[in-house]
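Visitor: Dumping the structure here so I can ask a few things about it.
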Amino acid sequence: MLVLSTVALYAITSILFRSFSARRVALGQQFAASGQQALSRGDAEGAVRDLRISLSYAPEKTSSELLLAEALAQAHHPDQATAYFLGLLDEQPADGFLNLQLARLSRQRKDTQPAIRYYRAAAVGNWSGDSMMERFHAQLELADYLTELGDLRSARAELLVAAADAPEDAAAAARIGQRFERANDLQDALKFYEKALKLDPKDTDALNGARRVMDEIGEASPTEGTPQ
């Protein structure tokens, strides 16, 4: 009789435990979805609240940790966001997205050398989706940052690296031209504006950029569709 009672008690306990565990999983998923929706509509503080609750039910959920890190950054809690991103980076040190977020947070704190290091890691990192385009954008963002710092020589060097791996389309060439122009490298700016116009003679950014640069260096401006 005692054995039967023990078995019955164990069975009831197991059922209750499974039910409780399933409830925790369901609540974790519910609050994670709610947090993601809040983040999508721009309610960063609401997302932080819901994602913290989600992680209290499922503390090892990496996707929720990543969403919480993004929400904290958008809600202007840079130190907490950095802590979460660094924790995730320990597990995926070559992740391009994580490195880019840490670069931006370091840039906000005016922490120059870590920002540059994270940008460079993002530009060679692993990305989901179109990795070539994501790396290209990270490289351009680094060049923008170096130009902002007044380090035009380094900005030009990064742009040359970006250009070597850039997609072969007019928009990419025009963006590179714009960055060279901002870095006061007018000859390279003109070269990439002209490349963009060869790929798409109607690209207005490239056409206007080429005219602007040619006026500055004293050359005749191109007409639409017929770059000089």
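The values are calculated or read from the model by the stated rules, or taken from the named source; none is laboratory data. What you see is a predicted model; the values in this text were computed from it and never measured. Cβ coordinates were reconstructed from backbone atoms using ideal geometry, including for glycine residues, and neighbour counts include every protein chain displayed.
Visitor: What pairs can you find where one residue is in region 111-122 and surrounded by 16 or more Cβ atoms within 10 Å (Cβ to Cβ), the other is assigned to a loop (DSSP other than H, G, I, E, B), and their Cβ atoms are less than 9 Å apart, with a gap of 6+ or different chains?
Guide: Ala115/Arg109; Ala121/Pro93; Ala121/Ala94
Visitor: Hey, another quick one. Which one is farthest from Gln101 (Cα to Cα), of the residues in region 27-69 that are among the acidic types (Asp, Glu) and either modelled with pLDDT of 80 or more or within 17 Å of the chain's Cα centre (by Cα) (or both)? Steps first, answer last, please.
Guide: Restricting attention to region 27-69, the residues satisfying the condition of being among the acidic types (Asp, Glu) are 43, 45, 50, 60, 65.
With either modelled with pLDDT of 80 or more or within 17 Å of the chain's Cα centre (by Cα) (or both) added as a condition, the list becomes 43, 45, 50, 65.
Details: Asp43: 19, Glu45: 18, Asp50: 21, Glu65: 14 Å.
Filtering first and then ranking leaves Asp50.
Visitor: Of the conditions (1) surrounded by fewer than 20 Cβ atoms within 10 Å (Cβ to Cβ); (2) within 22 Å of Ala206 (Cβ to Cβ); (3) touching a residue at least 24 places away in the same chain (Cβ under 8 Å), Phe136 satisfies every one except a single condition; which number is it?
Guide: Only one criterion in (1) surrounded by fewer than 20 Cβ atoms within 10 Å (Cβ to Cβ); (2) within 22 Å of Ala206 (Cβ to Cβ); (3) touching a residue at least 24 places away in the same chain (Cβ under 8 Å) is unmet by Phe136, namely (1).
Visitor: Could you list, in sequence order, all residues of region 81-96 that are closer than 22 Å to Glu45 by Cα and surrounded by 16 or more Cβ atoms within 10 Å (Cβ to Cβ)? Write out each step before concluding.
Guide: Initial filter on region 81-96 (closer than 22 Å to Glu45 by Cα): 81-88.
Passing the criteria: Ala81, Thr82, Tyr84, Phe85, Leu88.
Visitor: Scan region 82-95 and tell me whether some residue there is under 11 Å from the mean Cα position of the chain (by Cα) and of a type outside the set (Gly, Ala, Ser). Break it down stepwise before answering.
Guide: Start the filter on region 82-95 by keeping residues that are under 11 Å from the mean Cα position of the chain (by Cα), which leaves 95.
Filter again for of a type outside the set (Gly, Ala, Ser), leaving 95.
So far as region 82-95 goes, yes, one or more of its residues are under 11 Å from the mean Cα position of the chain (by Cα) and of a type outside the set (Gly, Ala, Ser).
Visitor: Looking only at region 111-160, which residues are among the acidic types (Asp, Glu) and part of a helix (DSSP H, G or I)? Explain how you work it out, then say what you get.
Guide: Start the filter on region 111-160 by keeping residues that are among the acidic types (Asp, Glu), which leaves 111, 130, 134, 141, 144, 148, 151, 158.
Scanning region 111-160 gives Glu134, Glu141, Asp144, Glu148, Glu158.
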